Amino acid sequence: CHGTDGHSAAGGGMSALAGMPRAYFLEQLAAFRSGARPATIMHQLVRGYTDEQLARLAEFFERQPK
């Protein structure tokens, strides 16, 4: 949904994850998990990952060039 390596397609309506700061990424995932941030699917997907897995995803996307 967010494109290869977090590079969302132009006009695709999805946030680009590439280069997103780790802390912000994890904050948003926590908001999805708790229901504080509304979503169509992310609130369900994020519950399938451990905190360690989410941290690894955050590190990966932070390292990707924008």
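Here are some notes:
- Residues located in the stretch 25-37, provided they are within 13 Å of Ala55 (Cβ to Cβ) and either under 9 Å from the mean Cα position of the chain (by Cα) or open to solvent by less than 60 Å² (accessible area, probe 1.4 Å) (or both): Phe25, Leu26, Leu29, Ala30
- Note on the stretch 18-40: residues that are at pLDDT below 95 and among the aliphatic types (A, V, I, L, M) amount to 1.
- Of all residues assigned to the stretch 2-24, at least one qualifies as being in contact (Cβ under 8 Å) with a residue 40 or more places away in the chain, outside any helix (DSSP H, G or I) and either among the charged types (D, E, K, R) or on the phi > 0 side of the Ramachandran plot (or both).
- Of the residues making up the stretch 41-66, those that are within 11 Å of Leu29 (Cα to Cα) and either over 10 Å from the mean Cα position of the chain (by Cα) or surrounded by fewer than 16 Cβ atoms within 10 Å (Cβ to Cβ) (or both) number 7.
- Across the stretch 15-66, the qualifying residues are those that are among the basic types (Lys, Arg) and touching a helix residue (DSSP H, G or I) at 6+ places or on another chain (Cβ under 7 Å), and the one among them that is nearest to Thr4 (Cα to Cα) is Arg22.
The values are calculated or read from the model by the stated rules, or taken from the named source; none is laboratory data. Since this is a predicted model, take the numbers as computed values, not measurements. Heads up, the Cβs are rebuilt from the backbone with ideal geometry, glycines too, and the neighbour counts pull from every protein chain shown. Surface areas here come from the heavy atoms of the whole protein model, side chains and all, with no ligands, DNA or RNA. Shrake-Rupley method; radii C 1.70, N 1.55, O 1.52, S 1.80 Å.
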